[in-house]
1. Considering only 40, 109, 123, give the residue with the highest GNM mean-square fluctuation for the chain, with springs between Cα atoms whenever their separation is below 10 Å.
2. Report the charge-dipole magnitude of the chain in Debye, nearest 20, computed about the Cα centre from +1 at each Lys and Arg Cβ and -1 at each Asp and Glu Cβ.
3. Please give the residues of segment 71-102, grouped as numeric ranges, whose backbone N is less than 16 Å from a label point set 7 Å along the Cα-to-Cβ vector of residue 23.
4. Using a 10 Å cut-off on Cβ atoms, rank the peptides 305-311, 152-158 from the highest mean neighbour count down.
5. Run the 1.4 Å probe and let me know the accessible area of residue 209, rounded to the nearest 10 Å².
6. In whole angstrom, note down how far apart the Cα centers of segment 332-346 and segment 45-101 are.
7. Count the lysine pairs in the chain that are 8 or more places apart or on different chains: how many have C-alpha atoms under 26 angstrom apart?
8. Of 230, 117, 128, which is the most mobile in a GNM of the chain whose springs link Cα atoms less than 10 angstrom apart?
Amino acid sequence: MSLMDLIPTALRALPRDAVVLFLTRFLRLFAYGALSVVLVFYLVSLGLTTAQVGLLLTLTLAGDIAISLLLTTRADQMGRRLTLIVGAILMAGAGIAFASTHNLLFLIVAGTIGVISPSGNEVGPFLSIEQAALSHVVSAASRTEVFAWYTLAGSVATALGALCGGAASGIVQKASFSASDSYRVVVLLYAALGMALAFLFLNLSSSTEVRDSVPEGGSAAKKFLGVGHSRSIVFKLSSLFALDSFAGGFVVQSFAAYWFYLRFGVPPAKLGVIFFWANVLAGISALLASRLASRIGLVKTMVVTHLPSNVLLILVPLMPNLVLAVVVLLIRFSISQMDVPTRQSYTMAVVRPEERSAAGGITGVARTAGAAISPIFVGFLFSRPALIDVPFFIAGILKIGYDLALYRGFAAVRPPEEAD
């Protein structure tokens, strides 16, 4: 058996641009994962209260909303490569600023203008533009499977980042550095990886750019925020994705890690190991999604895999000890990401090619907007020891509501490749 035989079919024919996009996805999510494990610890070590941290993270995500909406809805006109480079520079700048000050006002300004991920998940303009570019350079038949591997690359990167971020801070502390300095090392790594991304995006070719066209005999629809013909479905999806992310914002990885510390006294180094395996399992689950989607469809795959993961989310704080809580968390992660590549592929499939960047941007901004509101509530809940379990219950219940609403609204809206 040759080495080529070990490579999945969907990845063997990846063009050079797709390979670059896989690499940028990996580096970015590595940076996000490393930062997410230590971010709350770092901000608290600077003297901020948990309520102030919650406010800062909310405003940081709010800033990401504005930046993402501004960039993604103009990416197809500005150029996707240029837009991605600008996003990478904003990511690097935010990391440098966070490492350089402990003033809350300056941190808010840096977080609002720059790109900071408190959750370990995608923020900023990157994801939607990369997905639009991938959809241009791979076939419709292989799109969902490629997106599944793209999701896996991100999950593995987040896992490795969480592991390295926790381990690095622990090693630096053992070298007699202060806690804040040990966490600052990870923040500086985040900034350095942002600059590396800018360099990689320079290597994308014109094949990733949009070829705006109007069907023969048709006319161009008036566009709002970059979408015209696809406007209705994009805005409906966006409202549902916002609900899902609002729910997820109650259990972002930074706060979930801090919850394990408050509840069971788990230090950052061990948290890095826990979330390493959680993200690995999440990535593997994304691969299974493409196979399931080929049998039952994209929308059904999103719903039937997401529902049980949300039940497990509710069960995490009900576990009586650390071992059981970690086991339930890992089981939950093993199915929690099966809706991600299917959701992304579905969005790209049901909108016009020349509106993909904008559609991805609007739905991505909706997700960020939903997630931006939650941390401020979580900060106040975490400041009251009796209420630290409540975010898990809120998240699980709201996410179940999202699943039911998604199925009801979109089960009949099928992408072209599923049409009879």
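1. 109
2. Working: 29 positive and 20 negative charges, 52 e Å.
Charge dipole of the chain: 240 debye, to the nearest 20.
3. Once the point is set 7 Å along Cα→Cβ of residue 23, 85 turn out to lie under 16 Å by backbone N, inside segment 71-102.
4. Numbers: 305-311: 19.6, 152-158: 24.7.
Descending mean neighbour count gives 152-158, 305-311.
5. Using a 1.4 Å probe on the heavy atoms, I get roughly 40 Å².
6. Taking the Cα centre of each part, segment 332-346 and segment 45-101 sit 25 Å apart.
7. Values: 174/270; 222/236; 223/236; 236/300; 236/399; 300/399.
Counting lysine pairs in the chain gives 6.
8. 230
The values are calculated or read from the model by the stated rules, or taken from the named source; none is laboratory data. Everything numeric in this text was worked out from a predicted model, so none of it was measured. In this analysis, Cβ positions are derived from the backbone assuming ideal geometry, glycine residues included, and neighbour counts consider all displayed protein chains. Ligands, DNA and RNA are stripped out before the accessible areas are found, and what is left, the full protein with its side chains, is counted by its heavy atoms. Shrake-Rupley method; radii C 1.70, N 1.55, O 1.52, S 1.80 Å.
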